[in-house]
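Everything below concerns the one structure shown next.
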Amino acid sequence: MNESLTRPAFAYSSGLQPGPKMFSDLAPLTDAVTLSVDGQPVRARAGETVAACLLRAGVPYNRLTPVSGAPRLPYCMIGHCFECLVEIDGIGNRQACLTLVRDGMKVRRQDGAPPALEPSVP
Amino acid sequence: MSINAPLPDADVIIVGCGPSGMAAAVELAEAGCSVIVLDMQPTPGGQIFRNLEANLCDTSLAGQSLLAALGPAYRAGADLIQRFRACSRIDYRPQTTVWEVRPDGTVGWLQGMNVGYVRGRQVLLAHGAMERPVPFPGWTLPGVMTAGAVQTLLKAGHLKPSGRIVLAGTGPLLLLLANQLHQLGVKPALVGRTDRLSDSVRAMRHLRPGGLVLLVKGLGWLGRLKLAGVKSVTGLENLAADGAQSVESVSFTVGGKRQTLPCDLLIVHDGIVPAIDIPNAAGLRLQWDGPNASWRPATTPDGLGASTLPPEMSAGPCVLRVTGDARKIGGADAAMAHGRVAAQAILAALDHGAGPSAEALRAVDKALSVRPFLDAAFPPGLAQDLPDDDTIVCRCEELTAGDLRAKIRSGFRNMDALRGETRCGMGPCQGRNCMVTAARLLQDETRAAGCLPTFRGRPPIRPIPLGAVARLSGLAPRATIRLTLEDKPENASEDTVDAPAE
Ligand code: FES
């Protein structure tokens, strides 16, 4: 998948080793749903966006860029910058900041460009 | 134009459900029009009133303190949202992205995996603003976010930043956010402003009575931050973020001295600018707004846009109007006031009523009268100087200012040639974050004058999943206007082609 000689500067890992914790909850999570991020269960507040959920979970990145493999996290949170792209329920390049969490949703972080045709989650 | 124009899906299609879009929708619906409102967000309110309905219902202690921190300006949207929800003539379609607007009133939309076209007799663009792009070294690192993003996380994610936080930039939103964070018990390590005392002094001559309230409010924010012991500087320059896999430190120059601070989250803001993606792709003429250092669609006071398309493409009963911050940055009050004006103009075009009332127009002028003061007090700072060669300009394709300068020097001396050669502006964001910088670099290198050039906007202006395209609905191919390929030199002899067939 898009491996070129220049990458990856930053190795993709399917584990959710946390990055520096940049956000914390105003109040404990009640009314939570559970989604899977790279196969691991992550709790989210019902009604929030996938991007908010990923930032709460403290993932170090939601995608590695197709060009250099650099890690990225959401930047604008309002649908303009497209930094928050992830694969959601098998469809790549979805904007996490515009997508609401749903119980059982399958989110995968992206390593470079997503495969165009085949969903990678059955 | 086709002879058999299809029946419109609604009298008016409004793109965007913030203050201006809601105000216009309510005005139109109450006058008996059918309205379709398309909006990217899940609930009405736009960014300023984001998630307001839910937050008002939250009676928990944390919910109440969040509302208190967000302040009365946030709660002020409750009334309008309620009226918007109560209108049965409004067909509100949330979580819907618009990827094309045509001059004949056809609007392309995407909702989840469904994609289609709807047609309105009139179209109103109320899609709002975005934060000014600020290319500086390290701005793509995880841990750099905009002030608007952090505020959205507060409002709609109930998340507050933690760790070592630095706010840098300028504008009311930066100070407002610093205050809101402080009220929620978050103490930033630094609020670094690019504006200087001399800007405030110069701004004073633009002060109007309406601005006085803002001035008092702003001084109150500054006073509270000072009391709380939040470190603050003005005249910040040459911001840079450093770190291997996320931000670890920020550096900047103040008063000629370079400083470095450890940092987990760098929050940047350099004012807001009209979002011009839709107007640009719809063929509306853009003009350069000097005081706000941004493009804005050229419009009449009632929001009528000026088309750059040949008359056979733009003539017809539908016209495109622009309102709210998408037309001119003015904040929520100005947006609501102008939404009403634009709605009254649309009603006149639909043969109801006599056009905008003098009272409605005055309300817009009054709300906008504070802008010259704010523009002068908070001039663009982070984006003021052109970036160094090593700084990334196009985040999507990871192109630096040096890459672009080299290509411009080697002969790619217009925006579309530069885009075609480098892919700058071709990534998923479609130039939203790089276009203004690319245009400034081009103008700087070629020593050109006049309005900054733009990329030619082409639909879809937002990516559409392939699977969704396969299910495209609502387009009657024979009835749609022709699409132009005039910017493709190889098609010079054949400047129009029919829109895609079924
Ligand atoms: S974070 Fe910018 S588009 Fe999602």
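Only Cα pairs under 8 Å and 6+ residues apart enter the sum, and on that basis the relative contact order of the range B:144-270 stands at 35 percent.
Separation of the range B:174-252 from the range B:354-411 is 19 Å, based on Cα centroids. Taking the Cα centre of the protein assembly as shown as reference, the dipole from Cβ charges on Lys and Arg (+1) and Asp and Glu (-1) amounts to some 1480 debye. Note on A:65-72: average number of Cβ atoms from other chains within 10 Å of each residue's Cβ is 5. Excluding ligands, DNA and RNA, the accessible surface per residue across chain B is 41 Å² with a 1.4 Å probe. With K and R counted +1 and D and E -1, the other residues having a Cβ less than 14 Å from that of B:GLY324 yield a net charge of +1. Given R0 = 30 Å, the distance between the Cβ atoms of A:SER36 and B:CYS57 translates into a calculated FRET efficiency of 0.55. Only protein heavy atoms count here, probed at 1.4 Å, and on that basis chains B and A bury about 3900 Å² of accessible area in total.
Given R₀ = 25 Å, FRET efficiency for B:SER162-B:ALA228 by Cβ-Cβ distance, to 0.05? Computed FRET efficiency for B:SER162 and B:ALA228: 0.90. For the range B:72-217, the antiparallel share of DSSP beta bridges with both residues in that region comes to about 70%. Only protein heavy atoms count here; under a 1.4 Å probe, B:LEU266 has an accessible surface of about 0 Å². Looking at the protein assembly as shown, how many pairs of lysines come closer than 18 Å at the Cα, when each pair is eight or more places apart or spans two chains? So the count of such lysine pairs works out to 8. Cα-based radius of gyration for the range B:144-270, normalised by 2.2 N^0.38 Å, reads 1.07.
Within chain B, the whole DSSP H helices whose Cα atoms reach 18 Å or more along their own axis and whose mean Kyte-Doolittle score is at least 0.0 are B:209-227, B:331-349.
Length available on full extension from B:LEU472 to B:ALA417: 0.36 nm per residue minus the Cα-Cα distance, which gives 16.7 nm. Based on C-alpha pairs under 8 angstrom that are at least 6 apart in sequence, chain B has a relative contact order of 19 percent.
The mean number of partner chain beta-carbon atoms within 10 angstrom of a residue's beta-carbon across peptide B:137-149 is 6.
Among the residues of B:106-115, the average count of other protein chain beta-carbon atoms within 10 Å of the residue beta-carbon is 1. For the range B:144-270, the fraction of 1.4 Å probe accessible surface lying on carbon and sulfur atoms is 58 percent. Full extension of the chain between B:TRP288 and B:LEU212 gives 24.6 nm of extra length, using 0.36 nm per residue less the Cα-Cα distance.
The values are calculated or read from the model by the stated rules, or taken from the named source; none is laboratory data. Keep in mind that this is a model prediction, so the values were computed, not measured. Using ideal geometry, Cβ is built from the backbone for each residue, glycine included, and neighbour counts are taken over all protein chains shown. For the accessible areas, the whole protein counts, side chains as well, though only heavy atoms, and no ligand, DNA or RNA atoms are used. Shrake-Rupley method; radii C 1.70, N 1.55, O 1.52, S 1.80 Å.
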